[in-house]
Amino acid sequence: MYQIAICDDSSIDREILQKKIYKTEKYVGLFRIYEYASGTDLLKAMESINFSLVFLDIQMNGMDGEETAVKIREINNRVVLVFITGYAAVSYTHLRAHETGAYL
């Protein structure tokens, strides 16, 4: 079973993404989704959960997504990181996104 994390400080955005993931009906039952409202909460969970995929909001209160991604890479260099954001990607520079091998 694949473990998927959604980390976003907006509960509405977490819910929207989770619903979109569950629309891939043929894969339901092959994954479990965990939700986190902060990078700190996600990093704590990574002490006991080996995620296959992490969806990570770029702009969050407290530790932002880019800083969280750097810390994730210190823990696990194999997890797939996908940045999500409500901001237009072309207007926002993500140097750390490339350093961590995250998708945007």
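The values are calculated or read from the model by the stated rules, or taken from the named source; none is laboratory data. Since the structure is predicted, the reported quantities are computational estimates derived from the model, not experimental observations. A quick note on method: Cβ atoms are made from the backbone with ideal geometry, for glycine too, and the neighbour counts reach across all protein chains shown. Just so you know, the surface numbers come from the protein's heavy atoms only, side chains and all, with ligands and any DNA or RNA stripped out. Shrake-Rupley method; radii C 1.70, N 1.55, O 1.52, S 1.80 Å.
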For the range 41-57 the number of residues that are open to solvent by less than 40 Å² (accessible area, probe 1.4 Å) and part of a helix (DSSP H, G or I) is 3
Identify all residues within the range 58-79 that are open to solvent by less than 80 Å² (accessible area, probe 1.4 Å), over 11 Å from Ile4 (Cβ atoms) and hydrophobic (A, V, I, L, M, F, W, C); write none if there are none. Ile58, Met60, Met63, Ala69, Val70, Ile72
Can you pull out the residues in the range 1-35 that are in contact with a helix residue (DSSP H, G or I) (Cβ under 8 Å, 6 or more places away or on another chain) and not hydrophobic (A, V, I, L, M, F, W, C)? Asp8, Tyr34, Glu35
Kindly provide the set of residues from the range 1-40 that are open to solvent by 80 Å² or more (accessible area, probe 1.4 Å), under 14 Å from the mean Cα position of the chain (by Cα) and among the acidic types (Asp, Glu), ordered by number. Glu15
Top-ranked residue in the range 49-67 [being among the β-branched types (Val, Ile, Thr) and within 17 Å of Asp13 (Cβ to Cβ); ranked as modelled with the lowest pLDDT]: Ile58
